[in-house]
Structure formats: structure tokens, C-alpha cells
1. Quick check on the exposure proxy: order Asp34, Asp54, Asp67 from fewest to most C-beta atoms within 10 angstrom.
2. Once you have the Cα-Cα distance between Ser42 and Arg69, take 0.36 nm times their residue separation minus that, and quote the gain in nm to one decimal.
3. Counting other beta carbons within 10 Å of each Cβ, put Val71, Val48 in order, fewest first.
4. Got a sec to turn the phi values of the range 48-54 into Karplus ³J(HN,Hα) couplings, 6.51 cos²θ - 1.76 cosθ + 1.60 with θ = phi - 60°, whole Hz, x for Gly and Pro?
5. Between Glu35, Glu19, Glu68, where does the largest GNM mean-square fluctuation fall for the chain, given springs only between Cα atoms within less than 10 Å?
6. Using alpha carbons only, how many degrees (0 to 90, rounded to 10) separate the axis of helix 17-26 from the longest principal axis of the chain?
7. Between beta-carbons, use under 15 Å as the cut-off and find the net charge around Thr39, counting Lys and Arg +1, Asp and Glu -1.
Amino acid sequence: MCGIAGIIHFDQKQVRETELAAMMREIKHRGPDDEGSFTDGSLGLGFVRLSIIDLSRAGHQPMFSHDERYVMIFNGEIFNYI
């Protein structure tokens, strides 16, 4: 199973990438195949990937909408996509 890490500072404090990187190091054993992160102000998301179904780079996370307005990290499969 992959690993997901996240930080939200409700006091609007900026997320330090070193904070997120430390969390991701702790869960690296859950996803040794790939990793990715996203920070924007007081939000930080991290992902370590265990490639089982889709072994290509198309499964790299975080994933962004075409206009890059939305970002997501998840563990699972998407069916019926276009």
C-alpha cells in the first residue's frame, strides 16, 4: 500500500518542505517506487508510491487538473475515466 502524508497549518503558517520531507522519509517503506509532494502556503501533501497496477509514470502523484486549479493525492484506482 502507498503512503500519504499531509500538513495543514490552520494558523496560516507556511509549510516547510523539510517538514513534509521528514514525514515522507518515515513512510518510504510503504512506497519505494516513486514519490511526489505539493506545497502551497499552509498546505503540504506528500505521497510515496508502491507501483502494482500501473507501472508507468502516468501514475505519478500528486495529480493536477488540466488547468492546475485542483491537486489530489490518493491510493486506489480510477475506473470509467475518459
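1. Going from least to most buried by this count: Asp67, Asp54, Asp34.
2. 8.1 nm
3. Val71, Val48
4. Residue by residue, the range 48-54 yields 10, 10, 9, 7, 10, 8, 9 Hz.
5. Glu68
6. With both axes taken from Cα atoms, the answer is about 50 degrees.
7. Local charge sum for Thr39: -3.
Where a number appears in this text, it was derived from the coordinates with a stated rule and is not lab data. Remember, predicted model here, so these are calculated numbers, not experimental data. Reconstructed Cβ throughout: ideal geometry from the backbone, glycine too, with neighbour counts over all protein chains shown.
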